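Everything below concerns the one structure shown next.
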Amino acid sequence: MALEHAILVSLSERAGSGYELTRRFEKSIGLFWSASHQQIYRVLKRMEEAGWVAVDVVAQSGRPDKKVYTVSATGHAELVRWLAEPDPSAGPVELAVKIRGATFGDPAKVAEEIVRHRAKHAERLDVYRQIEKRDFPAPGALTGRHLHQYLVLRGGIRVEEGQVEWFDEVLAALPHPKDAR
């Protein structure tokens, strides 16, 4: 995912200037993906050149004119395409942006992507639990190197449990084929 897609989601929610967009990022998408003020302005310029955003210049008294960005039809089409596109390597941040933007595309397509990622994480969780059962049958007796290995494995188990639980929560809310899970 590119910053462009996160910006398309944010501008689809509400038009705004680069400054306003930066502030919104800090309070929402920026909580899990940071983008500097400079990055956002550079990307907005590229998006304007690509025709993904339209710009309205608003005159301001005593200050420079303000550019207010909105998503163009071309930008909306790109967002819809990206939301529906499977991405096997997408991480939690990319998936969170897709979930946030689902309303601007096809929520069922986003749900299909979540189903695929849920299956991958559930499979990894099963593997980790098998390793735990096989290699660490008495975790209370572990010390040193073996204890440290076990703790790392437990961290992996907890991460995968959290991902699967989150995906289940998302799938309960998004429309999706009932037999896909």
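Overview of values
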read-out	value
Condition check for Gly140: part of a helix (DSSP H, G or I), open to solvent by 70 Å² or more (accessible area, probe 1.4 Å) and of a type in the set (Gly, Ala, Ser)	yes
Boolean, Lys133 is open to solvent by 50 Å² or more (accessible area, probe 1.4 Å), in a helix (DSSP H, G or I), farther than 16 Å from Val159 by Cα and not assigned by the TED database to the domain that holds Glu13	yes
Residue in region 90-108 that is basic (Lys, Arg) and out of contact with any helix residue (DSSP H, G or I) (no Cβ under 6 Å at 6 or more places or on another chain) present	no
Residue check, Leu147 aliphatic (A, V, I, L, M), open to solvent by less than 30 Å² (accessible area, probe 1.4 Å) and modelled with pLDDT of 95 or more	no
Residues being open to solvent by 50 Å² or more (accessible area, probe 1.4 Å), of a type in the set (D, E, K, R), over 26 Å from Ala172 (Cβ atoms) and assigned to a helix (DSSP H, G or I) - total across region 48-107	3
Residue match in region 143-159 (condition: in contact with a His (Cβ under 9 Å, 6 or more places away or on another chain) and over 30 Å from Ser12 (Cβ atoms))	yes
Residue match in region 33-40 (condition: crowded, with 16+ Cβ neighbours inside 10 Å, touching a helix residue (DSSP H, G or I) at 6+ places or on another chain (Cβ under 8 Å) and free of Cβ contacts under 8 Å to residues at least 40 places away in the same chain)	yes
Only listed residue being without any contact (Cβ under 8 Å) to a residue 60 or more places away in the chain, farther than 30 Å from Trp52 by Cβ and assigned by the TED database to the domain that holds Tyr41, chosen from Gly62, Gly156, Gly162	Gly62
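The values are calculated or read from the model by the stated rules, or taken from the named source; none is laboratory data. Given the structure is predicted, the values throughout are model-derived calculations rather than measurements. FYI the Cβ positions are ideal-geometry reconstructions off the backbone, even for glycines, and counts take in every protein chain you see. Side chains are part of the model used for accessible areas, which takes the heavy atoms of the whole protein and leaves out ligands, DNA and RNA. Shrake-Rupley method; radii C 1.70, N 1.55, O 1.52, S 1.80 Å.
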